[in-house]
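What follows is one structure encoded as structure tokens, with my remarks underneath.
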Amino acid sequence: MKILFIGDIVGSPGREAVKVLVPKLKREKSVDIVIANAENAAGGTGLTPKLAEELFVYGCDCLTSGDHIWKRQEVLKIIDHPYILRPLNLAPNIPGKGYCILKKNNFKLAIINLQGRVFMPAIECPFRAVRAAVPLLKKETPVILVDMHAEATSEKVAMGYFLDGLVSAVVGTHTHIQTADEKLLKGKTAYITELGMCGPYDSVIGQEKSKIIERFLTGMPTRFEVASGDIQLHGALIEIDEESGKALSIERVQEKLL
């Protein structure tokens, strides 16, 4: 089973990259399943029903998220969609769900969405939440992928080792800059600290440079704008043995929209 996991989709440039590059990668890399973090798909922050449907049409099979999922109120209309996830470790009774079972082309896999706590909003412990969820999902499928949406590198690395041998892959999202530490851990769990993003790389993590620099210089609130130059899709291609759930390989993906 080959899974393409895409980093945070940022605004209309990111959506255009998905539209053009996901079909290309599916053909060239024989991709079976596409998972993407979509919490920034709507104007650089949040997700709407219309844009979620677009991303499914473009080839995404499951949309994960993070701390920005609630930025657009209309997301409540789709938060119970079977393949749209919000972080698992939110407070009890929050709308939506933190994991799903995806069935496609005779493949069956589980996807878990977590959110870190270091330099992030105060929420429940992601380590305890995922440890409770994994045995339940193992009853359905040995193939389990985890999106660890977190700010701190150390928290993502710790989660990788915490789940080594228990899940098929742990990938990081949220910080938008792809790391070069993709590897198979000892227990055959595929790992990368940060997938990167899908959007304009002539920017500061997807936003117009001048706006971000102005905020750093003045300390005053600034209205951010999604940038438009050098559009790229970053993520990882992960191959998994569907019988054992063990990862066979992981490679970084960096594709430019020409």
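The values are calculated or read from the model by the stated rules, or taken from the named source; none is laboratory data. As the structure is a computational prediction, the values presented were derived from the model and not from experiment. Please note: Cβ atoms are built from the backbone with ideal geometry, for glycine as well, and neighbour counts cover all protein chains shown. All accessible areas refer to the heavy atoms of the entire protein, side chains included, with ligands and DNA or RNA removed. Shrake-Rupley method; radii C 1.70, N 1.55, O 1.52, S 1.80 Å.
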I'd like to verify a number: residues in the range 217-256 that are polar (S, T, N, Q) and within 22 Å of the chain's Cα centre (by Cα), how many? 4
The range 175-188: number of residues that are open to solvent by less than 60 Å² (accessible area, probe 1.4 Å), under 17 Å from the mean Cα position of the chain (by Cα) and not acidic (Asp, Glu): 4
Can you give me the number of residues within the range 177-206 that are in contact with a strand residue (DSSP E or B) (Cβ under 8 Å, 6 or more places away or on another chain), without any contact (Cβ under 8 Å) to a residue 60 or more places away in the chain and not in a loop (DSSP other than H, G, I, E, B)? 1
Could you list, in sequence order, all residues of the range 143-163 that are open to solvent by 40 Å² or more (accessible area, probe 1.4 Å) and over 18 Å from GLU39 (Cβ atoms)? THR153, SER154, VAL157, ALA158, TYR161, PHE162
LEU237 passes all but one of the listed conditions (1) surrounded by fewer than 20 Cβ atoms within 10 Å (Cβ to Cβ); (2) touching a Lys or Arg at 6+ places or on another chain (Cβ under 7 Å); (3) assigned to a loop (DSSP other than H, G, I, E, B); the exception is number (3)
From the set of residues in the range 132-154 that are without any contact (Cβ under 8 Å) to a residue 40 or more places away in the chain and in contact with a helix residue (DSSP H, G or I) (Cβ under 8 Å, 6 or more places away or on another chain), which is farthest from ILE250 (Cα to Cα)? ALA150
Based on this model, can you work out whether LEU88 counts as in contact (Cβ under 8 Å) with a residue 40 or more places away in the chain, at negative phi and open to solvent by less than 30 Å² (accessible area, probe 1.4 Å)? no
